[in-house]
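Q: Encoded as structure tokens, here's the structure I'll be asking about.
The values are calculated or read from the model by the stated rules, or taken from the named source; none is laboratory data. None of the values given here were measured: they were computed from a predicted structure. Reconstructed Cβ throughout: ideal geometry from the backbone, glycine too, with neighbour counts over all protein chains shown.
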Amino acid sequence: MKASRAQSALPLPVQRALRKLGADISTARRRRNLTVALVAERAFVGRNTITRVEHGDPGVALGIYASVLFVLGLADRLTDLADPAADRVGLSLEAERLPQRARATRETAS
């Protein structure tokens, strides 16, 4: 399978995070005593795809990762991945852009 330019240029921290996610998914599957074949059947994908997920392959679609997490009962964690309330950098930048003082708006007569 040919890797896209985006996959080959994937930052090292992202590669590590995907490998950890795959390993965590593998651990969760084995703790639940589920076979690769059973998870593949329930996620409507092939066994090879589950193996790729468990290796953290960046070429596997996010939707498939989400389906596998759902099969394992872990899909609720997806809602917090990019939660704006937990975005420290975004909140900090937003706070810097707040006006230093408030001005009353002038009402225009029509």
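Q: Please state which one of A102, A95 is assigned to a loop (DSSP other than H, G, I, E, B), among the hydrophobic types (A, V, I, L, M, F, W, C) and over 30 Å from I50 (Cβ atoms). It would help to see each step written out before you state the result.
A: Details: A95 fails: assigned to a loop (DSSP other than H, G, I, E, B).
Just a single option satisfies the conditions, and that option is A102.
Q: Is it the case that some residue within the range 51-73 is under 24 Å from L12 (Cα atoms), of a type in the set (S, T, N, Q) and at pLDDT 95 or above?
A: yes
Q: Right, something else. In the range 6-37, what residues are over 17 Å from A75 (Cβ atoms), assigned to a helix (DSSP H, G or I), over 17 Å from the mean Cα position of the chain (by Cα) and modelled with pLDDT of 95 or more?
A: R30, V36, A37
Q: In this structure, is V89 surrounded by 17 or more Cβ atoms within 10 Å (Cβ to Cβ) and over 14 Å from the mean Cα position of the chain (by Cα)?
A: Details: surrounded by 17 or more Cβ atoms within 10 Å (Cβ to Cβ): no; over 14 Å from the mean Cα position of the chain (by Cα): yes.
Considered against the rule, which asks whether it is surrounded by 17 or more Cβ atoms within 10 Å (Cβ to Cβ) and over 14 Å from the mean Cα position of the chain (by Cα), V89 comes out as no.
Q: Hey, D83 hits all of (1) under 21 Å from P11 (Cβ atoms); (2) under 13 Å from the mean Cα position of the chain (by Cα); (3) not small (G, A, S) but one; which does it fall short on?
A: (1)
Q: Then there is this: Yes or no: N48 exposed (fewer than 14 other Cβ atoms within 10 Å of the Cβ) and not in a helix (DSSP H, G or I)? Before the answer, list the steps.
A: Numbers: exposed (fewer than 14 other Cβ atoms within 10 Å of the Cβ): yes; not in a helix (DSSP H, G or I): no.
No: the conditions fail for N48.
Q: For the range 47-66, check the following and say yes or no: at least one residue is in contact (Cβ under 8 Å) with a residue 12 or more places away in the chain and among the polar types (S, T, N, Q).
A: Looking for residues that are in contact (Cβ under 8 Å) with a residue 12 or more places away in the chain and among the polar types (S, T, N, Q), one finds at least one in the range 47-66, hence yes.
Q: Next up: Filter the range 20-50 for residues that are within 21 Å of S8 (Cα to Cα), of a type outside the set (A, V, I, L, M) and touching a helix residue (DSSP H, G or I) at 6+ places or on another chain (Cβ under 8 Å) and give the result.
A: Within the range 20-50, G22, T49 meet the criteria.
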